[in-house]
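I have placed the structure first, in the form of structure tokens, so that the comments after it can refer back to it.
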Amino acid sequence: MSTGSGADSAPAPATHDSPSTPRSDASGPLDPAAARKPAGPQGTPVEQRPSGARRPSGSSRSSMFSSLRIRNYRLFFLGQVVSNTGTWMQRIAQDWLVLSLTGSSAAVGITTALQFLPMLLFGLYGGVLVDRLPKRPTLLATQTAMGLTGLALAFLTLSGHVQVWHVYLAAFAVGLATVVDNPARQSFVSEMVGPGQLQNAVSLNSANFQSARLVGPAVAGVLITGVGTGWAFLFNGLSFVAPIVGLLLMRARELHMVERAPRGKGQLREGLNYVAGRPELIWPIVLVGFIGTFGFNFPVWLSAYADDVFHAGAGAYSLFNTLMAIGSLAGALLAARRGTARLRVLIAAAIGFGALEVVAATAPSLWLFALLMVPIGIFGLTVNVTANTSVQMATDPAMRGRVMALFMMVFMGGSPLGAPLVGWVTDAYGPRVGFALGGLVSVVAATTIGLILARIGGLRLALGWHHGHPRVRFVPKERTEQREEQLATAA
């Protein structure tokens, strides 16, 4: 079961002898792929090449599906195709069942809150556990737990004994499993593919999730109207057989082994201090926090535009979401094609994302607004994937579970926290103001963090001409000062 991070979210492929040493494409924190080589207690690398693994290519651009050549990741990916589809089916069926049992939209909101509450409360502790535990057995346990939850809901619904508290309990149980499952899946990707293919694999995970987002709700709708919600729950429960079988069939010798953190006191605080002391980690996490809180409240905005602005009803709302999912899928595939995850790409994508939201807020017609959902989806997914992979690549493997747990908690927890504020602005001042405000916050946050990273990295903005066209870029201050001295000498 995936939560979309691309979150289900990049490195320049390594050219060194160890896959734990990614190549640096540029100096400064705007290109943080040059992460330090993680080392164990005696200075030995903690991430080792599996026997028989080929050295990653030095090219910065890879084929769109290159990570699928790796057998272990291919098994993982195929399992996620099935389980992600089941996950989206259960989301639709779960909301519909609660609404049919209670007739209350508030009850649907409670169900959603219960599913996300464990991540907000215990997400960081889940990261500590993931750093201590072997990833593959951990995922076997969490995937089995979520599958059994789906089967239990299917049994209760098909037998006619289901009550709303059953659904509440199931949502909370899935949320508890996600606390461990999410950082375990995020960090396990690097163990399957190594640094050289990390961005490609994370991008394909996002494409996988977005594809299921298009297919799952449609299949769920057919099942719900044809045979009832219980069958959607049953399909979801059975869908976890695919990732479980994939995990069991993996070859352990081909995994990029990571030294696990020993059990000890203060590991949560250690993880927070680790992030706080590294600009290449803290600022991307702060950025996705701002964008997740203020820029990703699409359920609030799109429903308001469909109903209050264009007066087009549920059909337009479905169209907006479908086009955004198509854009997100395209963004994931483009990110898979791209071979690096530089922070300057993250900053540029975040600024573009916010600017497009501002433009869409002023769109005069339904069709123009709908078409803008595609590039918004592309830029939003680019932000997610680039932030995810750049943070993973800049993190020592022994800390990756804690860091990714913090990343996912900030990103996933932002929308539930920001939705009430954004909803109030939308109700009080109209959907256009609410949407534009979210975009402006994203632009300001991205611009500010970009300038902070440039200053930390000793960079400055340079204006110039290239083949007769103006060019704006960041360059090291020393280079600019040398150029100014040369011009002064020539004068």
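Would you point out which residue out of SER159, SER190 is surrounded by 17 or more Cβ atoms within 10 Å (Cβ to Cβ) and in the same structural domain as GLY79 (by TED's automatic domain parsing)?
Values: SER159 fails: surrounded by 17 or more Cβ atoms within 10 Å (Cβ to Cβ).
The unique qualifying residue is SER190.
Would you confirm whether or not the stretch 411-424 contains a residue that is buried (at least 17 other Cβ atoms within 10 Å of the Cβ) and modelled with pLDDT of 85 or more?
No: the stretch 411-424 contains no residue that is buried (at least 17 other Cβ atoms within 10 Å of the Cβ) and modelled with pLDDT of 85 or more.
Could you please let me know if THR178 is polar (S, T, N, Q), at negative phi, over 22 Å from the mean Cα position of the chain (by Cα) and assigned to a helix (DSSP H, G or I)? Before the answer, list the steps.
Values: polar (S, T, N, Q): yes; at negative phi: yes; over 22 Å from the mean Cα position of the chain (by Cα): no; assigned to a helix (DSSP H, G or I): yes.
It is false that THR178 is polar (S, T, N, Q), at negative phi, over 22 Å from the mean Cα position of the chain (by Cα) and assigned to a helix (DSSP H, G or I).
For a quick check of your reading: which helices (runs of 4 or more DSSP H) sit entirely within the stretch 222-323 and have at least 2 residues that are more than 22 Å from the chain's Cα centre (by Cα)? Walk me through how you get there before you give the answer.
Working: elements: 229-239, 241-249, 267-276, 279-290, 298-304.
Once the helices (runs of 4 or more DSSP H) in the stretch 222-323 are filtered for at least 2 residues that are more than 22 Å from the chain's Cα centre (by Cα), what remains is 229-239, 241-249, 267-276, 298-304.
Can you confirm whether the stretch 462-473 contains a residue that is among the β-branched types (Val, Ile, Thr) and either at pLDDT 70 or above or under 30 Å from LYS135 (Cβ atoms) (or both)?
Applying the first criterion (among the β-branched types (Val, Ile, Thr)) to the stretch 462-473 yields 472.
After this cut, where a residue has to be either at pLDDT 70 or above or under 30 Å from LYS135 (Cβ atoms) (or both) as well, the list is none.
So far as the stretch 462-473 goes, no, none of its residues is among the β-branched types (Val, Ile, Thr) and either at pLDDT 70 or above or under 30 Å from LYS135 (Cβ atoms) (or both).
Residues of the stretch 363-414 being outside any helix (DSSP H, G or I) and out of contact with any Pro (no Cβ under 9 Å at 6 or more places or on another chain), which ones? Spell out the reasoning first.
Filtering the stretch 363-414 for residues outside any helix (DSSP H, G or I) gives 363-365, 394-396.
Answer for the stretch 363-414, where residues must be outside any helix (DSSP H, G or I) and out of contact with any Pro (no Cβ under 9 Å at 6 or more places or on another chain): ALA363, PRO364, SER365.
Looking at the stretch 153-172 only, could you name the residues that are part of a helix (DSSP H, G or I) and out of contact with any Leu (no Cβ under 9 Å at 6 or more places or on another chain)? Spell out how you get there, then give the answer.
Taking the stretch 153-172 first, the residues part of a helix (DSSP H, G or I) are 153-158, 164-172.
Selection gives LEU156, TRP165.
Please work out which residue is modelled with the lowest pLDDT, limiting yourself to the stretch 444-461 and to residues that are buried (at least 20 other Cβ atoms within 10 Å of the Cβ) and aliphatic (A, V, I, L, M). Before the answer, list the steps.
At the first step, the residues of the stretch 444-461 found to be buried (at least 20 other Cβ atoms within 10 Å of the Cβ) are 445-446, 449-450, 453-454, 457, 459.
So of that shortlist, the ones also aliphatic (A, V, I, L, M) come out as 445-446, 449, 453-454, 459.
Values: ALA445: 96, ALA446: 95, ILE449: 93, LEU453: 86, ALA454: 84, LEU459: 61.
Selected residue: LEU459.
The values are calculated or read from the model by the stated rules, or taken from the named source; none is laboratory data. Bear in mind the structure is a predicted one, so any value in this text is a computation, not a measurement. Positions of Cβ are generated from backbone atoms using ideal geometry, with glycine treated the same way; all protein chains shown enter the neighbour counts.
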